[in-house]
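Chemist: My structure is below; once you've seen it, I'll send some questions.
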Amino acid sequence: MRYAQGGGLTGERRAFREKLRMGGGRAVRPCDENSVIAHDLRVSVRSVQRWRRVWSQNGPRALASKGPASLPLLSDELFAVLERELAKGPVAHGWPDQTWTLSRIKTLIGRRFHKSYTVQGVAALLKRHGWSCQVPARRALERDEAAVAGWVKETWPSVEEPWRRSTPGSSSRTKPDPR
C-alpha cells in the first residue's frame, strides 16, 4: 500500500493533488524551466516533466486522476467473511491462545481466501475498515502477583546490564579512556 498512515487520500487531498497536476502540466510561461515550476509547486522535477509531456501529447484531460493504482485484494464482502472468522477466535483456527496478531491474520487470509498480504498490508486493511490495535483493559485473572514480584527481585537484576559509573572517561564505546 502506498500510504502507510491510512490507506489512501481523502477527497480533499485528491482534489489538491489534481490541481497540482493541472497546474504543473501546462507551461504558464514557456520560459519557465521545470525546476522553477517544481520549486513553486513543491514537487519533483520529474513529476513536472512527466506532466508536461502528457499535457503536450494528450491535452489537459490526460492529467486527470485515474483512481487508485489497484483494487483491494479483499472486497467488502470478503472482509465481512474475514470479520466472522476473526470473531470465532484464534483457538478455532488452531492457535494455542486467544490473541490475534497481524501475522496470524495474514496467515488466516492466506488459508481462507488464498490471497497474499504483507503484515503492513494487513494492518492497513484492518485500519481502513475501522479496526484498531487493542490492549487488554484489565490484567489477566491467572496473573500470579507473587511470582511476578519474585521474578523482579531475583531474576531481573541478573538479566539487567549494570549501570556505567559516572567517572570521567571517553564518551566513545569503541575507544576507552586513556590511562
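Chemist: Just to be sure before I move on: is SER35 touching a helix residue (DSSP H, G or I) at 6+ places or on another chain (Cβ under 6 Å), on the phi < 0 side of the Ramachandran plot, among the small types (Gly, Ala, Ser) and at pLDDT 80 or above in the structure I sent?
Modeler: Yes.
Chemist: I'm checking my understanding of the structure. Among residues of region 53-77 that are out of contact with any helix residue (DSSP H, G or I) (no Cβ under 6 Å at 6 or more places or on another chain) and assigned to a helix (DSSP H, G or I), which one is farthest from GLY110 (Cα to Cα)?
Modeler: The extreme case among them is SER56.
Chemist: Say we look at region 91-100 and pick out the residues that are within 19 Å of GLN134 (Cβ to Cβ) and open to solvent by 50 Å² or more (accessible area, probe 1.4 Å); which of these is nearest to the chain's Cα centre (by Cα)?
Modeler: Here the answer is TRP100.
Chemist: So which residues in region 38-51 are modelled with pLDDT of 80 or more and more than 16 Å from GLU18 (Cβ to Cβ), if there are any at all?
Modeler: Answer for region 38-51, where residues must be modelled with pLDDT of 80 or more and more than 16 Å from GLU18 (Cβ to Cβ): ALA38, HIS39, SER44, VAL45, ARG46, GLN49.
Chemist: What are the residues in region 68-90 that are surrounded by 11 or more Cβ atoms within 10 Å (Cβ to Cβ), of a type outside the set (Asp, Glu) and at pLDDT 90 or above, if any?
Modeler: Once the filter is applied, which keeps residues that are surrounded by 11 or more Cβ atoms within 10 Å (Cβ to Cβ), of a type outside the set (Asp, Glu) and at pLDDT 90 or above, region 68-90 yields LEU78, PHE79, ALA80, VAL81, LEU82, LEU86, GLY89, PRO90.
Chemist: Shifting gears a bit: Would you pick out the residues in region 127-142 that are more than 30 Å from ASP76 (Cβ to Cβ) and either surrounded by 10 or more Cβ atoms within 10 Å (Cβ to Cβ) or of a type in the set (A, V, I, L, M, F, W, C) (or both)?
Modeler: Hits for region 127-142 are ALA140, LEU141.
The values are calculated or read from the model by the stated rules, or taken from the named source; none is laboratory data. None of these values were measured; they are calculated from a predicted model. Cβ coordinates were reconstructed from backbone atoms using ideal geometry, including for glycine residues, and neighbour counts include every protein chain displayed. Accessible surface is based on the protein model in full, side chains and every heavy atom, while ligands, DNA and RNA are left aside. Shrake-Rupley method; radii C 1.70, N 1.55, O 1.52, S 1.80 Å.
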